[in-house]
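Read-outs: derived from the displayed coordinates by stated rules, not from any lab. It should be emphasised that the depicted structure is a prediction, and the values quoted were computed from it without experimental measurement. Counting neighbours? That spans all protein chains shown, and the Cβs are built from the backbone with ideal geometry, glycine included.
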Amino acid sequence: MALTIVLWTAEYPSAGSTLTFDRLGNMRKILLGTAGIGFAATALLLPAAPASAAAGWGAIAISGNGDLGWALNYDTETEASMAAEDKCDFADCSTVTSFTGCGAVAYSASMNKYSGGYGPTPLEAETSARWYSDSNIVRAAVCND
């Protein structure tokens, strides 16, 4: 790749003169190669992800009458959601939360709504599910292995 510089000075008889530097492309390759080596060296020094990371996807589904279904350790979010809805056993079941760590469901009487939450720990999932001040946990947190 060449860099083109246009000089706008009174010394040149034309409105603009063009100078092209062909060697910039080579310099760019050297700089990118050096940056790549630096990145690789940095990656080797960073700690690995913890081995206790969640094994898969989980989901909790709920029907209008409060029947629950949940599924854990599925390969995809969609698979977990479909399995939770199947386990709920009612036609109006829908997924209220999906997660890779833990999930929980709460109910608010004042809002007449179920709300789902998720987090890396059971406590954080239950806290996340309490969207309203009068929310009570109806499904204690479940977690992927």
Does the range 77-145 come out rounded, prolate or oblate by the C-alpha gyration tensor, with a ≥ b ≥ c the root eigenvalues, rounded set by a/c under 1.5 and, if not, prolate when a/b is larger than b/c and oblate if not? oblate
If R0 is 25 Å, what FRET efficiency do you get for Asp92 and Val138 from their C-beta distance, rounded to 0.05? 0.95
What FRET efficiency, computed as 1/(1 + (r/R0)^6) with R0 = 22 Å and r the Cβ-Cβ distance, is obtained for Thr76 and Trp131, rounded to the nearest 0.05? 0.25
Glu124 to Ala55: extension gain in nm, 0.36 nm per residue of separation minus the Cα-Cα distance? 23.0 nm
